[in-house]
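I am attaching a structure below and will ask some questions about it afterwards.
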Amino acid sequence: MTSTDRQQKKPSKSQKKKKKISEGGPFGHPLDNRPSHLRPPTEDEWRGMGRGKAFVVNNKRFRKGDDVILHDPDNDEENRWLAKIKSIRMRQTLRDGEVWVLVQWYYSAKDMEEIAPNFGMVGMSVHERLMSDREELLNAECFEDITWVYEYREEDPDSIPIPAGTFFQRYCVNTEYGTITPACESWACQCKIPYHISTPQWKMHEAKQARQQFYHENAFHSRTPSPMEVLGDLSHFCPRPECRAWFHELCLARKHTEDETTVSDISRALRLLAVDPDLQVPHPTFSRFIGQSPSGAKTFSSGLPLITRVKALKHGSQINLPDSLIKVAARPIVKRTNCGELSSHGNARDVVLARRLLYQELEGGHEFLIKLLSQLDVGWHESFSAYTHVWQALCVHRLLASPYVRYWDKAVSRRGTEVRAVVCPKCNGAI
Ligand SMILES: [Zn+2]
Ligand SMILES: [Zn+2]
């Protein structure tokens, strides 16, 4: 295969963008008289072609369902051509066979400029892609490499973090009408400006300065923040099941959703602990601290550290949790662009798990677990049946495992950032 041949077999993404599905979809035209290897199969041909699970090009094995990088004649690093393999089929020719592949295109910020210019400009990170409704049939020679496009579920606090510099997708685009689903504000801030996982350093520097200037000017009451001011901002998450949304700190401060009931850092921590990630109602142990004039909070604001106060809430019983875990549980959930692995979901996983483990302890679950383990034979961890027994007990009683102290000691030492005390505009809980 010469380089000229390869160049001729490049995908025609830009042309296909405007081709409507009603005009024949991804299939070739019966009157197309180009050489076979340049002419996509017609719909009839495609139906009769043998199906395959994989093909090999340049020693790389491509399979159905893979996310792939396509050959791009412009070699534009910021706009790599990505698609998902939907189907692989073989067309028999006189000499041998040709592999043709049905792909569904991912669209980059550059592709979006033509379809929805405003969205592409402010809404997308360099590595973000939108799943489009455009399909195309490509010759196997167009395929360069296999990649992975992470599904970015912003609303799911248990999601694994998306590594920096990797491709991700959270929206789909209808390329004919430029509509984007789900709606940007489904789990993003009410300002409808989507969150960026990463952005070039120089731009981030500019964005942080713009945000500081907004605060300095005290512009909250005179105008809405610009996309650049919002880019430099922190986002706060409300983990309650009916909220599950991120809000820019700027937008919250603008709408007077600051946590004005803060009597002290301790009462703010107790209100944060009341926000249960699995129930809409506050956790009963902390519910008395959530009111506008929390009598409990006043009683508790006399200088005792948070750990001592939380332990006092268990009415004399011992709390078998590391102090570091309680400190993490009482943190607000925040994320910020360009924070590496913390930029996609921030500290959500740690804080949510810490709160669940703390609730389990307060409800006596941890004691049950310790009692259960004490009843097992010495060396039980070598026995598969003992593991099954413990696992079943955990499931029946809806328990989490016991906390690993070293993990929480490390988690609490992760660099914190200065955050404003704000509340969720949906449920009024501390976030
Ligand atoms: Zn906002
Ligand atoms: Zn909420």
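The values are calculated or read from the model by the stated rules, or taken from the named source; none is laboratory data. No experiment lies behind these values; they were computed from the predicted model shown. All Cβ positions, even for glycine, are placed from backbone atoms using ideal geometry, and neighbour counts span all protein chains on display.
Going through region 141-161 one residue at a time, which ones are in contact with an Asp or Glu (Cβ under 6 Å, 6 or more places away or on another chain) and assigned to a strand (DSSP E or B)?
Ile146, Thr147, Val149
Answer yes or no as to whether Gly52 is without any contact (Cβ under 8 Å) to a residue 40 or more places away in the chain and either farther than 29 Å from Thr337 by Cβ or buried (at least 18 other Cβ atoms within 10 Å of the Cβ) (or both).
Values: without any contact (Cβ under 8 Å) to a residue 40 or more places away in the chain: no; either farther than 29 Å from Thr337 by Cβ or buried (at least 18 other Cβ atoms within 10 Å of the Cβ) (or both): yes.
Spelling it out, it is not the case that Gly52 is without any contact (Cβ under 8 Å) to a residue 40 or more places away in the chain and either farther than 29 Å from Thr337 by Cβ or buried (at least 18 other Cβ atoms within 10 Å of the Cβ) (or both).
Yes or no: region 63-76 includes at least one residue that is assigned by TED's automatic domain parsing to the domain that holds Thr166, of a type in the set (Gly, Ala, Ser) and assigned to a strand (DSSP E or B). Quick ask: steps written out before the conclusion?
Let us first name the residues in region 63-76 that are assigned by TED's automatic domain parsing to the domain that holds Thr166, namely 63-76.
Then drop every residue that is not of a type in the set (Gly, Ala, Ser), which leaves 65.
Retained after the next criterion (residues that are assigned to a strand (DSSP E or B)): none.
Checking region 63-76: not a single residue is assigned by TED's automatic domain parsing to the domain that holds Thr166, of a type in the set (Gly, Ala, Ser) and assigned to a strand (DSSP E or B).
Please give the number of the condition Trp391 fails out of (1) within 30 Å of the chain's Cα centre (by Cα); (2) surrounded by 13 or more Cβ atoms within 10 Å (Cβ to Cβ); (3) part of a helix (DSSP H, G or I).
Only one criterion is unmet by Trp391, namely (2).
Looking at region 332-358, which of its residues are assigned to a helix (DSSP H, G or I) and among the β-branched types (Val, Ile, Thr)? Break it down into steps so the answer makes sense when it comes.
Let us first name the residues in region 332-358 that are assigned to a helix (DSSP H, G or I), namely 340-342, 348-358.
Answer for region 332-358, where residues must be assigned to a helix (DSSP H, G or I) and among the β-branched types (Val, Ile, Thr): Val351, Val352.
Pick from region 193-242 the residues that are within 16 Å of the chain's Cα centre (by Cα) and among the hydrophobic types (A, V, I, L, M, F, W, C): which of them is farthest from ligand 2 (Cβ to nearest atom)?
Out of the qualifying residues, it is Ile197.
Suppose the filter is assigned to a loop (DSSP other than H, G, I, E, B) and surrounded by fewer than 20 Cβ atoms within 10 Å (Cβ to Cβ); does Leu372 pass it? I'd like the intermediate steps shown before the answer.
On the way: assigned to a loop (DSSP other than H, G, I, E, B): no; surrounded by fewer than 20 Cβ atoms within 10 Å (Cβ to Cβ): yes.
The answer is no for Leu372.
While we're on this one: Somewhere in region 132-145, is a residue at pLDDT 85 or above and under 20 Å from the mean Cα position of the chain (by Cα)? First the steps, then the outcome.
Here is the first cut: in region 132-145, the residues at pLDDT 85 or above are 132-145.
Cutting the leftovers down to under 20 Å from the mean Cα position of the chain (by Cα) gives us 132.
Checked against the condition, which is being at pLDDT 85 or above and under 20 Å from the mean Cα position of the chain (by Cα), region 132-145 yields at least one hit.
In the set Leu362, Leu357, which member is surrounded by 12 or more Cβ atoms within 10 Å (Cβ to Cβ), touching a residue at least 60 places away in the same chain (Cβ under 8 Å) and farther than 30 Å from Gly165 by Cα? Write out each step before concluding.
On the way: Leu357 fails: touching a residue at least 60 places away in the same chain (Cβ under 8 Å).
It is Leu362.
Now for a different question. Of everything in region 99-121, what is more than 20 Å from Ile162 (Cβ to Cβ), in a helix (DSSP H, G or I) and of a type in the set (A, V, I, L, M)? Give them in sequence order.
Ile115, Met121
Counting residues that are touching a strand residue (DSSP E or B) at 6+ places or on another chain (Cβ under 7 Å) and free of Cβ contacts under 8 Å to residues at least 12 places away in the same chain, which strands (runs of 3 or more DSSP E) fully inside region 162-245 reach at least 1? Break it down stepwise before answering.
Numbers: elements: 167-174, 179-181, 234-238.
In region 162-245, 179-181 are the strands (runs of 3 or more DSSP E) which contain 1 or more residues that are touching a strand residue (DSSP E or B) at 6+ places or on another chain (Cβ under 7 Å) and free of Cβ contacts under 8 Å to residues at least 12 places away in the same chain.
Just give me the residues in region 397-431 being on the phi > 0 side of the Ramachandran plot and outside the structural domain of Arg271 (by TED's automatic domain parsing), in sequence order.
Asn428
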